[in-house]
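Right, one structure below, let's go through it.
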Amino acid sequence: MCTGKCAKCIGGTLYPFAVICIVANVFLYFPGWSLEAAENPGLKLTTEVSTLLGIVGGGLLVLITAVQIQASGRKGCCGNRWGMFLSILCAAIGLTGSLFCLCMCVTAIHRGPVCAYYDSGSINTTDTSILGNGNLTWGRPFENALPEYNNENYIYHKDSWSICVEPPNVVEFNLILFSTMLAASSFEVILCAIQLFNGLFGVICGTCNKEEIDYKDMDKDTSSYAKDTESIPEKKEALC
């Protein structure tokens, strides 16, 4: 496959992954499908969501990259070595944005969601009946390892997710959306990295996008030219 066709393929493939990141990030502003968290993002949303990791990082930056990369594989002003050089710069931008999204997703999954839970002070248990004796507060109860589970992460112990009282099912909500963005941004990283090398080969070797010759039109042109040349002597005789 020539570098031009490869660039068109990579650019077209990046679009759906960028859209997935944008949509997932927008949904994360409404945990439990409620507007309450979006109205108070500083207290009731994770810091990773507020950084716009999917909207900007894995979304808009990658969309801009996809447009330029796809254009660099087409015929015309962009389908040349200069266009492939620009695609390297854009691929680097897309790679940076998708890497940022990927790293933020990993961090968000590890630290857990922001939710309302009962702060029981020194009580180390996941028994909600005991935790109910504390004060309801907003925070990240899973940010630190769980001592009752040998300091393991909350992901491996679903029964501990009941610590979060509000929003409902917020742990599952966050895990699904952040995991979706993690997968999408991983593919973006791979595709942008491939385009870096593909663009480099395109600068060195060209895009292979040479104008195709339409032989049918050529035959028509030559036949008409032949007819015109044949009619010249006849016109001269008529004039004489």
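The values are calculated or read from the model by the stated rules, or taken from the named source; none is laboratory data. The structure displayed is predicted, hence computed values, not measured ones. In this analysis, Cβ positions are derived from the backbone assuming ideal geometry, glycine residues included, and neighbour counts consider all displayed protein chains. Surface accessibility is based on the protein's heavy atoms, side chains included, excluding ligands, DNA and RNA. Shrake-Rupley method; radii C 1.70, N 1.55, O 1.52, S 1.80 Å.
General observations
- Test: Thr13 is surrounded by fewer than 24 Cβ atoms within 10 Å (Cβ to Cβ) and farther than 28 Å from Ala116 by Cβ: yes
- Criterion (buried (at least 16 other Cβ atoms within 10 Å of the Cβ) and modelled with pLDDT under 95) met by exactly one of Ile88, Ile22: Ile88
- Qualifying residues in segment 33-71 (those that are loosely packed, with under 15 Cβ neighbours inside 10 Å and either of a type in the set (Gly, Ala, Ser) or at pLDDT 90 or above (or both)) - the one farthest from Ala92 (Cα to Cα): Ser34
- Residue in segment 126-133 that is among the acidic types (Asp, Glu) and modelled with pLDDT under 80 present: yes
- Pairs linking a residue in segment 5-18 that is modelled with pLDDT of 90 or more to a residue that is loosely packed, with under 14 Cβ neighbours inside 10 Å and outside any helix (DSSP H, G or I), with Cβ atoms under 8 Å and 6 or more positions apart or on different chains, are Cys9/Met1.
- Any hit, segment 25-47, residues being under 12 Å from the mean Cα position of the chain (by Cα) and closer than 16 Å to Asn174 by Cβ: yes
- Test: residue in segment 144-162 that is aliphatic (A, V, I, L, M), at pLDDT below 85, open to solvent by 40 Å² or more (accessible area, probe 1.4 Å) and more than 18 Å from Leu28 (Cα to Cα): yes
- Phe197 being surrounded by fewer than 22 Cβ atoms within 10 Å (Cβ to Cβ), in a helix (DSSP H, G or I) and in contact with a Phe, Trp or Tyr (Cβ under 9 Å, 6 or more places away or on another chain): no
- Taken as a whole, segment 65-81 holds at least one residue that is in a helix (DSSP H, G or I), touching a helix residue (DSSP H, G or I) at 6+ places or on another chain (Cβ under 6 Å), farther than 26 Å from Trp138 by Cβ and among the hydrophobic types (A, V, I, L, M, F, W, C).
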